[in-house]
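Below is one structure, written out as structure tokens; comments come after it.
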């Protein structure tokens, strides 16, 4: 078991641990995140998280959806995290894969509007990581 110092972050006047499990899908839940697109997306998401100071605890890209478990600064709203990850990753994927942009030309966007987001407490962190890691084997 980790010590409190390792589990929690400190900012001026507060200690915090804000972790979220976020899932989202391509528009119409088409299986387009494969054949290299998945690895490119992982790289893009890692870059976004580095830029915004989000720590990826677990990440899995399935052909038709993404699971990401992130640890974030306490000042960032969960909806802003999801919006940032989705918007920047769509722009970058369309640049990297013009055929993907053509495929989605009629609707003009890569990701569906919705997403799932859940807070993750320290006790369930291992459970969420295990669940995400097992997603590849579930299909």
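Do any strands (runs of 3 or more DSSP E) entirely within the range 1-85 hold 1 or more residues that are surrounded by fewer than 15 Cβ atoms within 10 Å (Cβ to Cβ) and in contact (Cβ under 8 Å) with a residue 24 or more places away in the chain, and if so, which?
On the way: elements: 9-11, 14-16, 18-24, 55-62, 65-72.
It comes to 9-11, 14-16.
Here's the yes/no breakdown for (1) under 20 Å from residue 39 (Cβ atoms); (2) more than 14 Å from the chain's Cα centre (by Cα); (3) modelled with pLDDT under 95:
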{"site": "68", "(1), (2), (3)": "yes, no, no"}
{"site": "76", "(1), (2), (3)": "no, yes, no"}
{"site": "79", "(1), (2), (3)": "no, no, no"}
{"site": "82", "(1), (2), (3)": "no, no, no"}
{"site": "94", "(1), (2), (3)": "yes, yes, no"}
{"site": "121", "(1), (2), (3)": "no, yes, yes"}
{"site": "128", "(1), (2), (3)": "no, no, yes"}
- Apart from one, (1) closer than 18 Å to residue 31 by Cα; (2) at pLDDT 95 or above; (3) not in a loop (DSSP other than H, G, I, E, B) all hold for residue 101; the odd one out is (2)
- Message: Anything in the range 104-130 that is touching a strand residue (DSSP E or B) at 6+ places or on another chain (Cβ under 8 Å) and not in a loop (DSSP other than H, G, I, E, B)? List them, or say none.
- Response: 111, 116, 117, 118, 119, 125, 128, 129
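The values are calculated or read from the model by the stated rules, or taken from the named source; none is laboratory data. Nothing here was measured: the structure is a model prediction, and the numbers come from that model. Backbone-built Cβ (ideal geometry, glycine too); neighbour counts: all protein chains shown.
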